[in-house]
Amino acid sequence: MDSARRKNYESLCQMYEKIQPLLENLHRNFLETRNNITCDIQKLYDKDPLGNVLIDKKKLEKILLLSYVCNSQAEYQRGFHHMVMLFQLMVEHDHETFWFFHFFLQKTEHSCVINIGVSKNLNMLNDLINFMDPVFAEHLRGKGAGTVQSLFPWFCFCFQRAFKSFEDVWRLWEVLLTGKPCRNFQVLVAYSLLQMVREQVLKESMVGNDILLACNNLIDLDADEVISAACLVYAELIQKDVPQPLKDFFL
């Protein structure tokens, strides 16, 4: 299996090298995307505290460009460079990083892709709040109008910024890859994060920007605690008479 994946990856690389001049001349978005990838990668801090180089930026750029060219469903977006970097740290070979990234997107139903899953996640998060927490939902519709839709970075970055370590990020991603305890578990995670600021939001009658600031201050979290909280939300959800759209999304 690994040998086949390696060969397929090498074939894709050869194909890319052949069509690159055409892409540069005929594909309107290719040059812009390549520049965005290059800029994003240059900003990455690629060394450990001792100064040892952790990632190969040239290889990372190649994998991201190849993914962009080969995956018509998921155009490159900010955040992919962080995601692929983490995969690069986990595995030894380029072809493993490439296929790992595509496997992750497929298994999570492209939930972190802006033009596919992110909008759906935000809409279902809003529906979930309305169903599970009407008091909070009313505040978010009033003083907090637009807050939920502004939480898209949680999904685009797959919660990378909320956790205290790579191990915590990967712990959550492992759960997302299993598809258990339900589909689209990432929305239950987002709901659980919102519940962490709920009391403060209601007590201080916060408006949208202040709510977003409180959400953005959710950092250095423990993955197991967040996962457990989201699982409790799921356990509570399935005990209720769930509206059909939520049922179809999660169950």
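What to note about this one:
- Among the candidates LYS47, LYS18, the residue that is surrounded by fewer than 18 Cβ atoms within 10 Å (Cβ to Cβ) and within 27 Å of ARG161 (Cα to Cα) is uniquely LYS47.
Let's see how each residue does on (1) within 23 Å of VAL207 (Cβ to Cβ); (2) within 16 Å of the chain's Cα centre (by Cα); (3) of a type in the set (A, V, I, L, M, F, W, C):
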residue	(1), (2), (3)
SER111	no, yes, no
GLY117	no, yes, no
LEU122	yes, yes, yes
ASP127	yes, no, no
VAL135	yes, no, yes
ARG141	yes, no, no
CYS156	no, yes, yes
PHE159	no, yes, yes
GLU167	no, yes, no
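- Per-region count, segment 105-137, residues at pLDDT below 95 and of a type in the set (Phe, Trp, Tyr): 0
- From LEU86, LEU50, LEU65, LEU23, residue being free of Cβ contacts under 8 Å to residues at least 40 places away in the same chain and of a type outside the set (Val, Ile, Thr): LEU50
- Restricting segment 70-104 to residues that are out of contact with any Leu (no Cβ under 9 Å at 6 or more places or on another chain) and of a type in the set (S, T, N, Q), the residue that is modelled with the highest pLDDT: GLN77
- For segment 104-142, the set of residues classified as under 15 Å from TYR68 (Cα atoms) and either free of Cβ contacts under 8 Å to residues at least 24 places away in the same chain or basic (Lys, Arg) (or both) consists of GLN106 only.
- When VAL201, VAL175, VAL189 are checked against the criterion of being touching a His at 6+ places or on another chain (Cβ under 8 Å), at pLDDT 95 or above and surrounded by 17 or more Cβ atoms within 10 Å (Cβ to Cβ), VAL201 stands alone in meeting it.
- Only helices (runs of 4 or more DSSP H) whose full extent lies in segment 168-251 are considered here, and the ones with at least 2 residues that are closer than 20 Å to ALA145 by Cβ are 185-203, 208-216.
- Criterion: among the aromatic types (Phe, Trp, Tyr), within 21 Å of ILE227 (Cβ to Cβ) and in contact with a Cys (Cβ under 6 Å, 6 or more places away or on another chain) - qualifying residue of PHE87, PHE166, PHE155: PHE155
- Looking across VAL118, VAL91, one residue alone is buried (at least 16 other Cβ atoms within 10 Å of the Cβ) and touching a Ser or Thr at 6+ places or on another chain (Cβ under 9 Å). It is VAL118.
The values are calculated or read from the model by the stated rules, or taken from the named source; none is laboratory data. This structure is a prediction, so every number in the text was calculated from the model and none was measured. Counting neighbours? That spans all protein chains shown, and the Cβs are built from the backbone with ideal geometry, glycine included.
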